[in-house]
1. Can you tell me which residue is modelled with the highest pLDDT among those in the range 1-34 that are farther than 24 Å from L145 by Cα and among the aliphatic types (A, V, I, L, M)?
2. Within the range 84-103, which residues are open to solvent by 50 Å² or more (accessible area, probe 1.4 Å), touching a residue at least 12 places away in the same chain (Cβ under 8 Å) and either in a helix (DSSP H, G or I) or over 22 Å from V51 (Cβ atoms) (or both)?
3. Among L108, L54, L145, which is under 26 Å from Q34 (Cα atoms), modelled with pLDDT of 95 or more and out of contact with any strand residue (DSSP E or B) (no Cβ under 9 Å at 6 or more places or on another chain)?
4. Going by what's in this entry, would I57 be described as more than 18 Å from the chain's Cα centre (by Cα) and in contact (Cβ under 8 Å) with a residue 12 or more places away in the chain?
Amino acid sequence: MSTPSPETAPVPEDVAEIERVLTRIAYLAGRARQHERLMALAGLPLDRAAVSILRYISESEPLRPGVLAVRMSVEASHVTRQLRQLEQLGHVVRIPDPDDGRAQRVQLTDSGLAAVNRIRDASRRGIEMALIHWSAEDLRQLADLFHRLVDDFVTHAEAAVDVGTPA
């Protein structure tokens with residue numbers, strides 16, 4: 001009798017439950033109403049795509065728009081459209097690429113950094129309110145487990161890409 005492959009083996013119930021909970025969290029966090037509440041708290045008129053781009057840029061060195069699109073796994077045209085809006089609002093500027101005088105990179109302005117900080121603060125306050133009754137120990141354990149989960153997801157995704165298999 002042969003051993004089932006990882007793709008056909010039954011998934012443990014705990015793994016299925018984790019997938020259900022993560023899907024629910026992603027849904028709750030990504031709802032339009034939740035985004036509108038976050039923008040109201042932050043005092044900003046930005047859509048979800050613009051917020052994602054601002055957050056990503058704030059955590060990296062200045063990037064070419066095309067590189068930003070690839071790293072975010074979105075179409076370059078979407079990034080270009082959002083960057084135009086963010087430039088008009090004064091949140092990002094284009095700077096010369098030091099490696100290629102014909103290219104440009106995008107970086108946050110002081111206004112963009114202030115916007116990201118307001119978004120993060122509003123988001124953290126919302127999470128704090130949801131977890132207000134959790135003990136400090138439970139919060140630390142959850143943070144540690146989330147870090148471990150993300151690290152393992154990244155490792156799995158990179159290993160799958162290295163061997164050419166679907167992630």
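The values are calculated or read from the model by the stated rules, or taken from the named source; none is laboratory data. Treat the numbers as computed from the prediction; the structure is a model and nothing was measured. Every residue, glycine as well, gets a Cβ built from its backbone with ideal geometry; the counts of neighbours run over all protein chains shown. Please note that ligands, DNA and RNA were not included when accessible areas were found on the heavy atoms of the full protein model with its side chains. Shrake-Rupley method; radii C 1.70, N 1.55, O 1.52, S 1.80 Å.
1. Residue satisfying both the conditions and the ranking: A32.
2. Our first condition is that a residue be open to solvent by 50 Å² or more (accessible area, probe 1.4 Å); within the range 84-103, this holds for 84-85, 87-89, 93-94, 96, 98-99, 101-102.
From the residues that got through so far, the ones that are touching a residue at least 12 places away in the same chain (Cβ under 8 Å) too are 85, 89, 93-94.
Selection gives Q85 alone.
3. Being under 26 Å from Q34 (Cα atoms), modelled with pLDDT of 95 or more and out of contact with any strand residue (DSSP E or B) (no Cβ under 9 Å at 6 or more places or on another chain) holds for just one of L108, L54, L145, which is L145.
4. no
Let's see how each residue does on (1) open to solvent by less than 50 Å² (accessible area, probe 1.4 Å); (2) closer than 30 Å to A40 by Cβ:
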{"residue": "I57", "(1), (2)": "yes, yes"}
{"residue": "E61", "(1), (2)": "no, no"}
{"residue": "P65", "(1), (2)": "yes, yes"}
{"residue": "V79", "(1), (2)": "yes, yes"}
{"residue": "Q82", "(1), (2)": "yes, yes"}
{"residue": "D110", "(1), (2)": "no, yes"}
{"residue": "A122", "(1), (2)": "yes, yes"}
{"residue": "R148", "(1), (2)": "no, no"}
{"residue": "F153", "(1), (2)": "no, no"}
